[in-house]
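Taking it in order: structure first as structure tokens, then the write-up.
Values quoted throughout were computed directly from the atomic coordinates according to the rules given, and no laboratory measurement underlies them. Just so you know, these numbers come straight off a predicted model, no measurement behind them. We place every Cβ from the backbone using ideal geometry, glycine too, and count neighbours over all the protein chains shown.
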Amino acid sequence: MFDKVLIANRGEIALRIHRACREMGVQTVAVHSTADSDAMHVRLADEAVCIGPPPARESYLNIPAILSAATITGADAIHPGYGFLAENARFAEAAEAHGFTFIGPTPQHIAMMGDKIMAKKTAQELGLPLVPGSPGPVGSLEEIVALGNKIGWPVLIKAVAGGGGRGMKVVENAAGAAEAFALARAEALAAFNNDSVYVEKYLGKPRHIEIQVLGDGKGEGVHLGERDCSLQRRHQKVLEEAPSPALNKEQRTRIGELAAAAVRKLKYRGAGTMEFLFQDGEFYFIEMNTRLQVEHPITEAVTGIDLVREQIRIAAGGPLALNQKDIVIQGHAIECRINAEHPETFVPCPGKVTDYHPPGGLGVRVDSGLYAGYVMPPFYDSMVAKLIVSGPTRNECLMRLRRSLEEFVIGGIDTTIPLHQRIIGEQSFIDGEYDIHWLEKLVGLKK
């Protein structure tokens, strides 16, 4: 086991990694920008190193500064968390080259799944079901029109290097293809410095289902069930639940076994998530995230397995702690992402937290770095807390979530707590009948 792990991240995920390390008897090093000097993970870590000014490119994305911090503190390993450099193959490669263990997949697997075209080709070879579409990047308007006529309109143009909905355009018919093609390429170039795009069949009312997987890097792999992440706004997840209310036992088993088999064939190392769209009883692979997910706590809640601990164990060379038959999904769990935003306009609201009282009680977990007096900087993602609630049934889970949201106090800044209260009060959500467009219709972003 490692003696010391450097945490190359900030906020609640940095605190989450610190807690797992300390429970394993491992010391931690927090790296931080000047804006995060008073952050909770910095206060609690065994050591802290300032790596630059607030802009992420000068601190949390500054690979030489992070590697220097690891060197001077004598760290054995680096945990990237999620976001920032977590899926940067160059960073993983550089960490390993400088003698540190990267707590995550191999650089090769990160690069493979980071390229959307390569990921789709790999998924097809692994036997995963795909959305009908182009086999690779499309280079002309004529290709898009021909493909749309073949697989049926509407189609979706997506950036090869994309994420977060950037470089993504829905094309209803051939007449709208030219404008959408030009806009998608321009957005992709601006966001990712790569204007390559590909085309997929547009699914009208899908669910977003993802499968949590673990692999030991040597050919053993398991899945830990699914999460339903269909509640999204502008392609950003807002609320997730496990298991999905949309799947039956046969569907759940089928997609889980497919994902686990893919992990074994890949000889994948560490934690990962395979994401699918699900419509009319069929699954369609969309991408694989080669990192820990924001919503990993709901899987922990229904399996009793500490995913960060498993990441660290596997990176240190340990075998998988569990066989597939040992993993049992029990009860239900829901996560609400609490953002420092106005609950109706979604305008970010950084500033000083004047009051902070998280909810508690049986089956209630809050992952947050907030405390009364903390000044939330304006430079980073607006998520300030995750409320995770679990219970024996979905209905009991919802009742506990309703009570917990009523208890949650974050003063001094606007938050999306009222939005979550609105969501869980809607009858269609209570009935589990929603798709990836449901939330945007609720808040008026989509008709």
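Applying a length cut-off of 24 Å (Cα extent along the axis) and a mean Kyte-Doolittle floor of 0.0 to the DSSP H helices of the chain leaves no helix.
Pairs exceeding a 29 Å alpha-carbon distance, out of Lys352/Lys446; Lys158/Lys237; Lys267/Lys386; Lys201/Lys249; Lys169/Lys237: Lys352/Lys446; Lys267/Lys386. Relative to its Kirkwood radius, the Cα radius of gyration of the chain gives an Rg/Rh of 0.95. Diagonalising the gyration tensor over the Cα atoms of the range 172-310 and scaling each eigenvalue by 5 before taking the square root yields semi-axes of 30, 18, 15 Å, largest first. Amide H to amide H distances under 5 Å link Tyr268 with Gly217, Gly219, where only residues 5 or more positions off or on other chains count and H is placed in the peptide plane. What net charge do the residues around Thr290 carry, taking every other residue with its C-beta under 12 Å from that of Thr290, with Lys and Arg at +1 and Asp and Glu at -1? Charge balance in the 12 Å sphere: -2.
Summary value for the range 11-113: 20 percent relative contact order, contacts being C-alpha pairs under 8 angstrom separated by 6+ residues.
With each label modelled as a point 7 angstrom along the Cα→C-beta vector, the Gln124-Gln427 pair spans 4.5 nm. Using the average count of surrounding beta-carbon atoms within 10 Å as a protection proxy, the listed peptides 282-289, 89-96 rank, highest first, as 282-289, 89-96. Bridgeable lysines around Lys4 (alpha carbons under 26 Å apart, same-chain partners fewer than 8 residues away excluded): Lys218. Stokes-Einstein at 20 °C, 1.002 mPa s, Kirkwood radius from Cα pairs: D for the range 354-436 in µm² s⁻¹? Translational diffusion coefficient: 152 µm²/s.
With contacts taken as Cα pairs under 8 Å and at least 6 residues apart, the chain reaches a relative contact order of 14 percent. What FRET efficiency would be calculated for the residue pair Glu282, Leu141, taking the C-beta separation as r and a Förster radius of 30 Å, to the nearest 0.05? Between Glu282 and Leu141 the formula returns 0.55. Computed about the Cα centre, the dipole magnitude for the range 233-380 is approximately 540 debye when only Lys and Arg (+1) and Asp and Glu (-1) carry charge, each at its Cβ.
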